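The values are calculated or read from the model by the stated rules, or taken from the named source; none is laboratory data. Bear in mind that the values here come from a model prediction, so they are computed numbers and not experimental data. Cβ coordinates were reconstructed from backbone atoms using ideal geometry, including for glycine residues, and neighbour counts include every protein chain displayed. We work out accessible area using only protein heavy atoms, side chains counted, and drop any ligands, DNA or RNA first. Shrake-Rupley method; radii C 1.70, N 1.55, O 1.52, S 1.80 Å.
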Amino acid sequence: MISYKKDFFSTLAQTSPEPILLQITKARGIILTDYLGNEYYDLISGIAVSNLGHGNKAITNAIRKQAGLFTHLMVYGEYIQAPQTLFAKKITGLLPHTLNAIYFVNSGSEAAEGALKLVKRFTGRTEIISFKNGYHGSTHGSLSIMGDETLKSPYRPLLPDVRILELNNMSALNNITARTAGVIIEPTQGEAGVITPRSDFLAAMRKKCTAKGALLIFDEIQTGMGRTGKMFAFERTGTVPDILLLGKALGGGLPLGAFITDRKIMACLSADPPLGHITTFGGHPLSCSAGLAALNELLRLKLIKKVSNKEKLFRSLLKHKKIVEIRGAGLMLAIQFENEQFCKNVIRKCLQNGIICDWFLFSPSAVRLAPPLIIKDSEIRRACAKILLSIEQAQNEYLETRN
Ligand code: PLP
């Protein structure tokens, strides 16, 4: 029963203005237990990471087994490491034939960095196009293509030649020209508050990229690995990108990212000069073993097929006059409220009621739900009852402060 709150504040860098401050000692299924024994439903999966929930036996066994064989051996791409090759084979087997070469990295941001370098090298161009409220990471390159000024402007100068377009604006696509190296988009925007571009917009973008020789990058770091009800969200859209980015749930709870493209495109990182991207820990054997086990579990349990019904159940249960709308793509949901303060109060009340939900970087008046895909219907019912109770409590508190 030791609290590490004092050490947390005195020894760790603090960047969050309001850290959640849960001190978790155990995590199983969708339940997190804190050091005092309080239990919480994890409805955010560490932001779309723990798709198989916590403590999945197949994943932990795979990690244990691999740890007993070897952990880090050598920087990426020099040794043949079975966990990497087996995982790459499994993933490419699930993708269209044009997405056949995987470069494993450490994180989503690094996957975005790799993709930005790749499109510049392949096309010999520099312009990158991204979208308003898009989020692709926090490193300099990924920050440069962020579709929001607040978090990025203090760090300028960033990458030059970046253009941010409006989502779903067909005429904006005329900005994709023979100068454009790459266009990057999330097939469902996460931090924007679960906003899905129209399929005809994505199809037109695909056409334009092909016509102008620009590469189309889908950032599926948040949407990938079954979250939206398909293994990859691009399958919902009918549009296949030239480059696919994965991260978050990819590593089964361990750090892992990837950029994936056609071998012919990836080849430009191998010559003149070679070593187009270098990473020490990218594709770590523990992460690849965990990722492969997680993917096998996802398939074995047929979880993806059940996502749509679970989304429907959430939507049918979450009815309240304070809810403006619910946006969703499978188990990636945004509950829209009228304003930021009310939304924050709901999140605070939820936590007091044993429910962990969260906000979005660029949609502060919406509550984020991204539960593990293993969540049971009975757990959804219990969770929604507590969310509705929290909304009531937030409303009562607001009325009391007004009186
Ligand atoms: N791209 C998207 C769509 C994301 O949601 C995130 C993280 O939230 C990233 C990229 C960055 O990933 P990471 O935090 O692993 O660097």
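Structure values in brief
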{"item": "Mean accessible surface per residue for the chain, computed with a 1.4 Å probe while every protein chain stays in place, in Å²", "result": "45"}
{"item": "For the chain, calculated [θ]222 nm from helices alone, where every DSSP H run of n ≥ 4 adds -39500 (n - 2.57)", "result": "-11000 deg cm²/dmol"}
{"item": "√(5λ) per eigenvalue of the Cα gyration tensor, the stretch 50-113, largest first, Å", "result": "21, 17, 14"}
{"item": "Apportionment of accessible area to carbon and sulfur, the stretch 14-77, percent (1.4 Å)", "result": "55"}
{"item": "Cα-based convex hull volume of the stretch 227-350 per residue, rounded to whole Å³", "result": "181"}
{"item": "FRET efficiency for residue 70 and residue 403, using Cβ-Cβ distance with R0 set to 60 Å, rounded to 0.05", "result": "0.40"}
{"item": "Residue 186 - accessible surface, heavy atoms, 1.4 Å probe, Å² rounded to 10", "result": "10"}
{"item": "Dmax and Rg, reported as Rg then Dmax, of the stretch 104-154 (C-alpha, Å)", "result": "11.1, 31"}
{"item": "For the stretch 310-403, radius of gyration divided by Kirkwood radius, i.e. Rg to Rh on alpha-carbons", "result": "0.95"}
{"item": "Fraction of accessible area attributable to carbon and sulfur, the stretch 151-217 (%, probe 1.4 Å)", "result": "55"}
{"item": "Relative intensity, log₁₀ I(q)/I(0), of the stretch 301-363 from a Debye sum that treats every alpha carbon as a point, q = 0.16, 0.24, 0.25 Å⁻¹", "result": "-0.59, -1.15, -1.20"}
{"item": "FRET efficiency, residue 204 to residue 33 (Cβ-Cβ, R0 45 Å, nearest 0.05)", "result": "0.40"}
{"item": "For the stretch 116-261, projected area of the alpha-carbon convex hull averaged over all directions, nm²", "result": "8.2"}
{"item": "Convex hull per residue volume in Å³, alpha carbons only, for the stretch 159-215", "result": "82"}
{"item": "Cα convex hull volume per residue for the stretch 1-125 (Å³)", "result": "206"}
{"item": "Whole-angstrom Cα spans of the chain along principal axes, big to small", "result": "68, 55, 45"}
{"item": "Largest to smallest principal axis extent of the C-alpha atoms in the stretch 354-403, angstrom", "result": "43, 28, 13"}
{"item": "Antiparallel %, DSSP beta bridges [both residues in the stretch 169-293], to 5", "result": "35"}
